[in-house]
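A short reminder: the numbers here are calculations on the coordinates, not readings from a lab. What you see is a predicted model; the values in this text were computed from it and never measured. Note that each Cβ is placed from the backbone with ideal geometry, even for glycine, and that neighbours are counted across all protein chains shown.
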6 protein chains.
Amino acid sequence: MPIVTVQVTREGSAPGRNSVTAEEKAAIIKGVSEVLLDVLNKPLESTYVVIEEVDLDNWGWGGLPTVQFRRQRAEAARS
Amino acid sequence: MPIVTVQVTREGSAPGRNSVTAEEKAAIIKGVSEVLLDVLNKPLESTYVVIEEVDLDNWGWGGLPTVQFRRQRAEAARS
Amino acid sequence: MPIVTVQVTREGSAPGRNSVTAEEKAAIIKGVSEVLLDVLNKPLESTYVVIEEVDLDNWGWGGLPTVQFRRQRAEAARS
Amino acid sequence: MPIVTVQVTREGSAPGRNSVTAEEKAAIIKGVSEVLLDVLNKPLESTYVVIEEVDLDNWGWGGLPTVQFRRQRAEAARS
Amino acid sequence: MPIVTVQVTREGSAPGRNSVTAEEKAAIIKGVSEVLLDVLNKPLESTYVVIEEVDLDNWGWGGLPTVQFRRQRAEAARS
Amino acid sequence: MPIVTVQVTREGSAPGRNSVTAEEKAAIIKGVSEVLLDVLNKPLESTYVVIEEVDLDNWGWGGLPTVQFRRQRAEAARS
């Protein structure tokens, strides 16, 4: 009876989207549940999956809010 | 000084509601805090309770989003 | 289908014990599961409870490891 | 590669605010990331920080929703 | 930059084992990281996976410690 | 009344150590509690800090157990 928690930033995976779509969430749920079935033989109906979308302002990386850290890395890559 | 985290789907417990009510949240907080007082003798004021409501799309069960899994189970029960 | 996570310090609730007993864990599981049945009408078999025991060194309170904070408070209460 | 999760109530730190500001979030991210750099020598770019703001109704303390518990304590302090 | 937390009971997936093996852990890490690459296009190196093994005594289901709940269900299935 | 959870790998920060020391844990607790005091004006005694040490086998990065991922990166850096 596994519990899988998936934390991702709230943003779109393609231009014009600003969050994870319902189809993508369903694919994540299916995918990770099948990993636990395949690897540990856990029945699908015993696995709970919780997806947490985190606003970009609330996710830090490199000591900075994510958007600033990505910009810094992109600038470093160009120079 | 316990911390109790309660994760539930964001939906109503009766027709016409679409989320957990403030009264229900207060009852959960009271109930679980008293469990820790009764069982482990933890003073009420040392227990934090955090309730996390999770959108139905974001909760997976049986390899599916919850709403689809419930429908599948209801259909299986009828047949 | 709630998930309840209970974090407590790893210590005994009576002299001569140094951890939560199996009976106490069972009472916590029963108690919090019944709260969710009573308040939100969640069937017992849909609730998962996870108990996490945290070493005293790993739990901070008042900016200090718990044992030091408790000693500081006890001394303040005496003076 | 630490992960730091910071849970706080969703409320302002000064009159006229009702949530944590983007500047305060950035300062929290910077501060806790630097603690892990200073104490454990973890490079900033290997630390993720996730800030979770919790509605006041969803945070319990003293067996009560936070707002009620604070009021109770304030009244006790006055008498 | 997702974080995936996988909580499972500490027990073997085959007779003679009493915990998840290092190979199984590696397969879980690979599997869930690839789900996030495939579905959300998240680079493998931006995903952290944390596996938490929970002692059977510390996992509750159906209002009971897991071992008791499984026994109860097995008995119900036989009768 | 913040809760700060710090997850780090269980390993030493210097040769000859294989875990985080009690002194390092106390410094982390002090440091992150002071960040919340400084930034959000949260009193030290209202902050709980929980440190979770995660075995290296149980932490994945880059789709691999951490030790393998670090080795792969070190080899890539040399070539």
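Within a 10 angstrom radius of each residue's Cβ in E:60-71, how many Cβ atoms of other chains show up on average? Whole number is fine.
Counting other chains' Cβ atoms within 10 Å and averaging over E:60-71 gives 6.
Counting Lys and Arg as +1 and Asp and Glu as -1, what is the net charge of the other residues whose Cβ lies under 15 Å from the Cβ of B:E24?
Summing Lys and Arg as +1 and Asp and Glu as -1 gives -3.
How would F:E34, B:E23 line up from fewest to most surrounding beta-carbon atoms within 10 angstrom?
Fewest-to-most Cβ neighbours within 10 Å comes out as B:E23, F:E34.
Calculate the dipole size of chain A relative to its Cα centre from +1 charges on Lys and Arg beta carbons and -1 charges on Asp and Glu beta carbons; express the result in debye to the nearest 20.
Its charge dipole is roughly 340 debye.
Taking E:K25 as the anchor, which lysines have their alpha carbon closer than 18 Å to its alpha carbon, excluding any fewer than eight residues away along the same chain?
A:K42
Give me the log10 of I(q) over I(0) for region D:1-67 at q = 0.13, 0.21, 0.26 Å⁻¹, as the Debye formula computes it from C-alpha points; what are the numbers?
Per q value, in the given order, log10 I(q)/I(0) is -0.46, -0.88, -1.06.
Counting Lys +1, Arg +1, Asp -1, Glu -1, what net charge surrounds B:A14 among other residues with beta carbon under 13 Å of its beta carbon?
-2
Averaged over E:17-30, how many beta carbons belonging to a partner chain fall within 10 Å of each residue's beta carbon?
Per residue, the number of nearby Cβ atoms from other chains is 5 on average.
Name the chain D residue nearest the rotation axis between D and A, going by Cβ position, and give the distance in whole Å.
D:E52, 5
Tell me the angle of helix F:22-40 to the major Cα principal axis of chain F, expressed in degrees between 0 and 90 and rounded to the nearest ten.
60
Have a look at C:I29, C:Q68, C:T9 and report the one farthest towards the positive end of the charge dipole of chain C, computed about the Cα centre with Cβ charges (Lys/Arg +1, Asp/Glu -1).
The residue sitting most towards the positive pole is C:Q68.
Expressed as a fraction of 2.2 N^0.38 Å, the rule-of-thumb size for a compact globular protein of N residues, what is the C-alpha radius of gyration of the protein assembly as shown?
Here the Cα radius of gyration is 0.97 times the empirical estimate.
From the helices alone, meaning DSSP H stretches of at least four residues, give me the mean residue ellipticity at 222 nm for chain A, per-run term -39500 (n - 2.57), in deg cm²/dmol to the nearest 500.
-13500 deg cm²/dmol
Treating only the Cα positions of region D:37-79 as identical point scatterers, give the base-10 log of I(q)/I(0) from the Debye formula at each q in 0.13, 0.19, 0.30, 0.32 Å⁻¹.
Values, matching the q order: -0.54, -0.65, -1.02, -1.06.
How many nanometers, to one decimal and shortest first, lie between the label point of F:A14 and those of its other copies, if labels sit 7 Å from Cα toward Cβ?
4.2, 4.4, 4.4, 5.4, 6.3
What number, in percent, do you get for the relative contact order of chain C if the mean sequence gap of Cα pairs under 8 Å and at least 6 apart is divided by its residue count?
Averaging sequence separation for qualifying contacts and normalising by length gives 37 percent for chain C.
If you count, for every residue in D:6-13, the Cβ atoms of partner chains within 10 Å of its Cβ, what is the mean?
Taking the mean over all residues of the peptide, I get 5.
Whole angstrom only: what separates the Cα centroid of region D:3-63 from the Cα centroid of region E:1-24?
When both Cα centres are located, 31 Å separates them.
Order the peptides A:49-56, B:7-14 from the highest to the lowest mean number of other Cβ atoms within 10 Å of their residues.
A:49-56, B:7-14
Relative to the first principal axis of the alpha-carbon coordinates of chain B, what is the inclination of helix B:66-78, with its axis defined by its Cα atoms, in degrees from 0 to 90 and to the nearest 10?
Result, in degrees: 60.
Tell me the label-point distance for the pair D:S13, E:L56, using the 7 Å Cα-to-Cβ offset, in nm and rounded to one decimal.
About 4.8 nm separates the two model spin labels.
Can you list the distances in nanometres, one decimal and ascending, from the B:A76 label point to the identical position in each other copy, with the point 7 Å along Cα to Cβ?
In ascending order, 1.5, 4.2, 4.9, 5.0, 5.5 nm.
Sum up the charges of everything whose Cβ sits under 14 Å from the Cβ of D:P2, counting Lys and Arg as +1 and Asp and Glu as -1, but leave D:P2 out.
It works out to a net charge of -4.
In nm, what does the list of distances from F:P43 to its counterparts in the other copies look like, shortest first, when each label sits 7 Å along Cα to Cβ?
Output for F:P43: 1.2, 4.2, 4.6, 4.6, 5.1 nm, nearest copy listed first.
State to the nearest 20 debye the size of the charge dipole of the protein assembly as shown about its Cα centre, where the only charges are +1 on K and R beta carbons and -1 on D and E beta carbons.
0
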